[in-house]
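In what follows, a structure is listed as structure tokens, so that the remarks can point back to it.
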Amino acid sequence: MLKLDEVSKTYGNKKEKAVDNVSFHVHPGEIFGFVGPNGAGKTTTIKMIVSLLTPNNGKIIINGIDNQEDIQEAKKQFSYVPDNPELFEKIKGIEYLKFMADVYDVPVAERQQRTEKFLDVFEIKEAINDPIGSYSHGMKQKLALVGALIHDPQLFVLDEPMVGLDPKASFELKKIMREHCDRGRSVFFSTHVLDVAEKICDRIAIIKKGKIIEVGTMAEIREKAGSQESLENIFLELTE
Ligand SMILES: Nc1ncnc2c1ncn2[C@@H]1O[C@H](COP(=O)(O)OP(=O)(O)OP(=O)(O)O)[C@@H](O)[C@H]1O
Ligand SMILES: [Mg+2]
């Protein structure tokens, strides 16, 4: 579903690579967690996946499409919610959702059904006719999630999605992620919440100073670390 092959990125004239020769594979049906200390290169990697940054080296294949060869087709395969979604403040929530559905050519019946379902789940139905500028931070984030789910993407890419969500919304999002993958689609997300990553991810990659230092299921990561500890403890040991 998502394949990174020896991907590197250096910002400007910096000596150190922000992302250094990163390769991994996210399979269909998989929730894949991306963890690492601040500044490790998670957001940079995500921005290359969603074509906001171009790698200096390497290839990124999304659902069989090379995102540097056919950017438009690659973009149809995923949706992306950044770590701090910035939405048009002056339009209403419902207008934003219509815009997203139009961009992705979502048939009317499907957009209505999904809008209805996700607005309900995230409890923002009542605010949907108000301008986005009047929303709280969490409400904006929920609206961005609904907008990203409206075209039922093959790959759902999220940068630190739990930050700013209340416990109920966070719970619902985890449920949506699992349901998404149960239908053969995939989720790729970064997080600092390691107990969540440990619980919900099928596989996890740990990045440190731009390099992948571990990738696998929790069982595989434990086995390689020679430890039965939590992801948090293994992470702290590996990233010290
Ligand atoms: N626009 C930029 N220009 C120059 N350097 C940058 C830029 N964005 C990020 N970096 C650098 O690239 C490295 C990786 O940053 P990145 O934002 O990818 O980390 P991250 O893993 O997402 O961190 P966090 O957990 O804090 O979100 C850091 O050293 C950072 O300072
Ligand atoms: Mg980041």
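Every number here is computed from the coordinates shown, using simple stated rules; none is lab data. Nothing here was measured: the structure is a model prediction, and the numbers come from that model. Backbone-built Cβ (ideal geometry, glycine too); neighbour counts: all protein chains shown.
Multiplying the residue separation of N84 and D130 by 0.36 nm and subtracting their alpha-carbon distance yields 14.5 nm. Region 1-67 to region 185-240: how many Å between their Cα centroids? Answer, in whole Å: 17. Ignoring the sites themselves, the chain has its longest run without trypsin sites (Lys or Arg not before Pro) in a DSSP loop having at most 13 other Cβ atoms within 10 Å at 91-182.
Across region 58-71, computed HN-Hα scalar couplings (Karplus, 6.51 cos²θ - 1.76 cosθ + 1.60, θ = phi - 60°) run x, 10, 10, 10, 10, 6, x, 10, 6, 6, 9, 8, 9, 4 Hz from first to last residue, x flagging Gly and Pro. Rounded to 0.05, the FRET efficiency of the K211 and K117 pair, given R0 = 41 Å and the Cβ-Cβ distance, is 0.55.
Where Rh is the Kirkwood radius over the Cα pairs of region 85-152, the temperature 4 °C and the viscosity 1.567 mPa s, what D in µm²/s does Stokes-Einstein return? Before the final figure, lay out the partial values.
Values: Rh = 11.6 Å.
D, rounded to a whole number, is 112 µm²/s.
Dipole check for the chain: with +1 at the C-beta of Lys and Arg, -1 at the C-beta of Asp and Glu, and the Cα centre as origin, the magnitude is about 340 Debye. For region 1-29, the residues whose amide N sits under 20 Å from a probe point set 7 Å from the Cα of N56 along the beta carbon direction are 4-24.
Would you tally the net charge around D152, using a Cβ to Cβ cut-off of less than 9 Å, leaving D152 out, and scoring K and R as +1, D and E as -1? After counting each charged neighbour, the total is +2.
Place a +1 charge on the Cβ of each Lys and Arg in region 143-240 and a -1 charge on the Cβ of each Asp and Glu, then give the dipole magnitude about the Cα centre in debye, rounded to the nearest 20.
Working: 13 positive and 17 negative charges, 52 e Å.
For region 143-240, the charge dipole is close to 260 debye.
Here, the chain has an Rg and a Dmax of 18.0, 54 Å when only alpha carbons are counted. Summed over qualifying helices (DSSP H, 4 residues or more, each -39500 (n - 2.57)) and divided by its residue number, the chain shows a 222 nm mean residue ellipticity of -11000 deg cm²/dmol.
Across region 89-240, the relative contact order, built from alpha-carbon pairs under 8 Å that are at least six residues apart, equals 18 percent.
Between the Cα long axis of helix 137-149 and the first principal axis of the chain there is an angle of about 90°, rounded to the nearest 10. Length available on full extension from I94 to A225: 0.36 nm per residue minus the Cα-Cα distance, which gives 42.3 nm. When the listed pairs K42/K199; K14/K59; K42/K92; K59/K92; K92/K174 are checked against a 29 Å cut-off, the alpha-carbon distance exceeds it for K42/K92; K59/K92. For the chain, the longest principal axis of the alpha carbon atoms and the long axis of helix 108-121 meet at an angle near 70°.
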